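K.L.:
Quick one: structure below, then a few questions.
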Amino acid sequence: MASTARPTFDSRYDQIFPVLEAAEIERLRRFGERRAFGAGERLLVTGQVGPGMFVIERGEVALSQHSVLGGDQHILTYGPRFVSAASMARRSTMAVSYSSRHRSRGREVGALA
C-alpha cells in the first residue's frame, strides 16, 4: 500500500502555520491595528489581494479553499496565537480564504512595502 505521508508538509507545519508565544504577541502589539471579527467574517478572501498579516489573539479562524464544484472546502481551523503571514508580500493574491469562526479578536499588520 502506498504511503500517504507528506514528510515535507509535516516537517514544516510549524513554519507554515506558526503559533506565537505570549511574549511574541506582546512585541507585535505596537504594530498594526487592533480588530474585532464577527462570526463568519472573512479576513482574507481567495483571489483578492490580502491586506497583510493577522495575529489572532482570541477566537478561531477557519482556513478554506474555494472548490471548483462550488462552495468552500474547509482545510484547517486555528485557535488563538496564530499568525497568518500569507499575504505579507506586497500585492499578494490569496490562494485561500480565512474566516472567523466565532467572535474573535486580533491585530492586522499591513503588507510589506
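K.L.:
Testing the spin-label approximation: label points 7 Å from Cα along Cα→Cβ at Arg29 and Arg12. State their distance in nm.
P.N.:
3.4
K.L.:
Here's a follow-up. What's the local net charge at Glu41, with K and R +1, D and E -1, over the other residues with C-beta under 13 Å away?
P.N.:
Around Glu41, the surrounding residues sum to +3.
K.L.:
Which order do the peptides 57-70, 26-39 take when ranked by the mean count of other beta-carbon atoms within 10 Å per residue, highest first? It would help to have the intermediate numbers written out before the result.
P.N.:
On the way: 57-70: 14.5, 26-39: 12.7.
By packing density, highest mean first, the sequence is 57-70, 26-39.
K.L.:
Test of understanding: what is the full-extension gain from Arg105 to Arg58, defined as 0.36 nm times their sequence separation minus their Cα-Cα distance?
P.N.:
On the way: separation 47, 0.36 × 47 = 16.92 nm, distance 0.50 nm.
Extra length available between Arg105 and Arg58 comes to 16.4 nm.
K.L.:
Rounded, prolate or oblate: pick one for the stretch 34-108, where a ≥ b ≥ c are the square roots of the eigenvalues of its C-alpha gyration tensor, a/c under 1.5 means rounded, and failing that, prolate if a/b is larger than b/c, else oblate. Don't skip to the answer; put the middle values down first.
P.N.:
Values: a/c = 1.99, a/b = 1.19, b/c = 1.67.
Oblate is the answer for the stretch 34-108, as a/c is 1.5 or above yet b/c matches or exceeds a/b.
Values quoted throughout were computed directly from the atomic coordinates according to the rules given, and no laboratory measurement underlies them. Here the structure is a predicted model, which means the values were calculated and not measured. Counting neighbours? That spans all protein chains shown, and the Cβs are built from the backbone with ideal geometry, glycine included.
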